[in-house]
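These notes concern the structure reproduced below.
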Amino acid sequence: MIKDFNEVIKSRRSVRFFLNKNINTETVKECIKNATLAPNSSNLQLWEFYHVINDEIKSNISKSCFDQPAAKTANQFVVIVTRKDLWKKRRDFNLNFILEKFKDLSDEKSLKKKKNAVNYYKLLIPTLYGNFLKITGYLKYLNVSIIGLFRPMYRQVTSSDLRVVVHKSAALAAQNFMLSMRSSGYDTCPMEGFDSVRAKKILNLPSSAEINMIIGCGIRSEKGIYSEQFRVPFKEVYFEK
């Protein structure tokens, strides 16, 4: 186990070959629990995590990843899935939490907080995520574009915008997971190169679900690290204003 956070960050690598050794399923599960603690848009948590440990399913997932080494040698997989379609269910989950939290509080400050939070989930979230016949997204975009001429406005309101929002949240969870795995002494490789249609069919996902990434998990082989880690010069990506 690695306890120093900087060491976890710097030693995490995308491992292309894993050793033929088993990793502990419960440890991976705990790392997935850590993934669910990642920050996410409006706390809607529009994600699911598929922990693949069955040999037949692992083989099929590997094939959907074109049997690239990081998939073919992985001991387990974690597939991170976005579920934008579950926004109503997750909205209600947040509403119930808010109502329970404030049920015994009657002071003016608490009542104001409760009202603002309830209105956020009852009014704003449906406005953003509701998209009747895929028409309202364009109307929302037109509306905010006009208002935005006169004052700052949140402009990511179309269905495609919200798809990006959900995938960003899922990617934050993926990073939590991979760092947790490294801290536990295990390794990972996030993969975007896969046949999404076949992978969804293997996992029996609904058509509305999307796979954010497939993460191969295991213990690194030395040949699984292709080179030393390198990045573009920091001065090219850092801007102080």
Against the condition in contact (Cβ under 8 Å) with a residue 12 or more places away in the chain, of a type in the set (A, V, I, L, M) and in contact with a Lys or Arg (Cβ under 8 Å, 6 or more places away or on another chain), how does Met191 come out, does it pass? no
Checked pairs for the range 1-22, first touching a residue at least 60 places away in the same chain (Cβ under 8 Å), second hydrophobic (A, V, I, L, M, F, W, C) and part of a strand (DSSP E or B), C-beta under 7 Å and 6 or more apart or across chains, list as Ser14/Cys189; Val15/Cys189; Arg16/Cys189
Picked from the range 16-28 (must be surrounded by 14 or more Cβ atoms within 10 Å (Cβ to Cβ) and within 19 Å of Ala173 (Cα to Cα)), the residue nearest to the chain's Cα centre (by Cα) is Val28
Restricting attention to the range 193-208, the residues that are loosely packed, with under 12 Cβ neighbours inside 10 Å and part of a helix (DSSP H, G or I) number exactly 1
Q. Based on what the data block shows, is Phe102 out of contact with any strand residue (DSSP E or B) (no Cβ under 7 Å at 6 or more places or on another chain), under 24 Å from His167 (Cα atoms) and not basic (Lys, Arg)?
A. no
Residue set Leu149, Leu162, Leu172; condition touching a residue at least 40 places away in the same chain (Cβ under 8 Å) and out of contact with any Leu (no Cβ under 9 Å at 6 or more places or on another chain); output residue Leu172
The lone condition Lys89 fails out of (1) without any contact (Cβ under 8 Å) to a residue 40 or more places away in the chain; (2) closer than 18 Å to Val166 by Cα; (3) touching a Gly at 6+ places or on another chain (Cβ under 9 Å) is (3)
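Laboratory data are not the source of any read-out in this text; all were calculated from the coordinates shown. For clarity, every value in this text was computed on a predicted model and none was experimentally measured. So basically every Cβ, Gly included, is an ideal-geometry build from the backbone, and we count neighbours across all protein chains shown.
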